[in-house]
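The structure under discussion is supplied below as structure tokens; questions concerning it will follow.
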Amino acid sequence: MKPRKHHPRAPSKMTNRKVSFTIESMDAMGQGVAHIDGKPCFIAKTLPGEEGKATITRASKGVLFARLDTLEKTADNREESVCPNFDSCPGCHFLHTDYQSELSYKLDALSGHLKRLDITVPDIKVKAAEQRLGYRNRIQLHYRHKYIGMIDPVADSVQEIPGCLAIDEKLHDTFEELYQDRSWAADHQGQGHCELYLADQGVSVQWDKPYAHGGFTQVNSAMNEVLREAVLEQLGEMLVDSMLDLFSGEGNLSDLIVEQYPEVEQVMVDYAPDRVKNEELSFLHLDLFAETALKTFKARCKAEHFDVLLVDPPRKGFTLLHQWVKAFKPKKLIYVSCSAATMVRDLQQLGNKARIEHVSLIDLFPGTYHYETLVTVTFK
């Protein structure tokens, strides 16, 4: 049998095609949605009701993606962005409209995710940010040769963003120096990434290290305090003797509870081998995504029950959540998530005994389509 020859896939006839569009709605990633040839087409930097011209950049699985060229009709809530980089920067998504419109789009997105649940969901409480710009205490930039900035996924190139308005003013001088003095390129050739963040000693700069190499912190310090207070509020008048904090980090969410209720037995679990060295803390270094995580935890912690289970997983969620709920039978589950889609998937596994008591949208990432969701679940 002759070996089969490899024939490279021909580029789609749809790409690079100029099209006219009318934006019908906003998707969960802050993109306007139109229909081209009966297929949904996602166009960033547009708003519902707008019309114009765009160029198709990708066709995939019955959907299209396009880059905005010109607008012929603008939405009533469109505003001129205060950021000079906005039109070309992939980092922010809503700076072409007012903040209340941004919140309404995020609320619609979260509501859409929650509709997948088969149980009753209460009205969503929205906790808005007081500061829309200048809040980021951490930013990761990508470099290719002497260029540094954000990766444009469509062009597969670095989009430089000097004068970024999203970062904390304490990062400003170090950030701008990367553009004013390119000598860093001599030591960092090829491609990689650079992370700037505020540390106790000032601004820290790390090259080509894992994200949050110096310890994970929320990028919005002010809204992180709002989140911590919101978690504390979920206890209400509940009597709490014990609390299990999964994906605890260094106790960002649970420490405030212990400050208010020092009698609470706090057990924190996360994978942080180089951090949390305070031996007085009940901290277990454990990879919670390992198949043996629950078994290992039971062998190392003899508790058979926790009143409160506090969970704050990364974006991919925690598919094993239902096993931990079944094992420790908490009275209350507080789930904090940066991905509503994976959070809903996890909650679906809890069964019909779960009751959602509270939902909050906490805007830790204004200007972008990202937000945090806090869901409180009780059990019948």
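The values are calculated or read from the model by the stated rules, or taken from the named source; none is laboratory data. Bear in mind that the values here come from a model prediction, so they are computed numbers and not experimental data. Reconstructed Cβ throughout: ideal geometry from the backbone, glycine too, with neighbour counts over all protein chains shown. Side chains are part of the model used for accessible areas, which takes the heavy atoms of the whole protein and leaves out ligands, DNA and RNA. Shrake-Rupley method; radii C 1.70, N 1.55, O 1.52, S 1.80 Å.
When you scan segment 89-100, do you find a residue that is farther than 19 Å from P153 by Cα, of a type in the set (G, A, S) and either open to solvent by 40 Å² or more (accessible area, probe 1.4 Å) or in contact with a Ser or Thr (Cβ under 8 Å, 6 or more places away or on another chain) (or both), even just one?
No, there is no match, as no residue in segment 89-100 is farther than 19 Å from P153 by Cα, of a type in the set (G, A, S) and either open to solvent by 40 Å² or more (accessible area, probe 1.4 Å) or in contact with a Ser or Thr (Cβ under 8 Å, 6 or more places away or on another chain) (or both).
Hey, L320 hits all of (1) closer than 30 Å to T368 by Cα; (2) at pLDDT below 95; (3) open to solvent by 30 Å² or more (accessible area, probe 1.4 Å) but one; which does it fall short on?
(2)
Of everything in segment 337-347, what is in contact with a Phe, Trp or Tyr (Cβ under 9 Å, 6 or more places away or on another chain) and either of a type outside the set (G, A, S) or at pLDDT below 95 (or both)? Give them in sequence order.
C338, T342, M343, D346, L347
Same structure, new question: Based on this model, can you work out whether C164 counts as touching a residue at least 40 places away in the same chain (Cβ under 8 Å), open to solvent by less than 50 Å² (accessible area, probe 1.4 Å), more than 30 Å from V264 (Cα to Cα) and part of a loop (DSSP other than H, G, I, E, B)?
So C164 fits the description; yes.
Here's another thing I want to ask about it. Which residues, counting only those in segment 39-68, are modelled with pLDDT of 95 or more and open to solvent by 70 Å² or more (accessible area, probe 1.4 Å)?
Those that are modelled with pLDDT of 95 or more and open to solvent by 70 Å² or more (accessible area, probe 1.4 Å): K39, K53, R67.
So L253 fits all but one of (1) crowded, with 17+ Cβ neighbours inside 10 Å; (2) out of contact with any helix residue (DSSP H, G or I) (no Cβ under 6 Å at 6 or more places or on another chain); (3) assigned to a loop (DSSP other than H, G, I, E, B); (4) among the hydrophobic types (A, V, I, L, M, F, W, C); what number is the exception?
For L253, the failing item is (2).
Give me the pairs, please: first residue somewhere in segment 168-185 and open to solvent by 70 Å² or more (accessible area, probe 1.4 Å), second residue anywhere and outside any helix (DSSP H, G or I), beta-carbon distance under 7 Å, and either six or more positions apart or on two chains.
Short answer, once both residue conditions are applied: E169/G134; K170/L198; K170/V203; R182/K146.
What number of residues in segment 209-225 are open to solvent by 50 Å² or more (accessible area, probe 1.4 Å) and at pLDDT 95 or above?
Going through segment 209-225 one residue at a time, the tally reaches 3.
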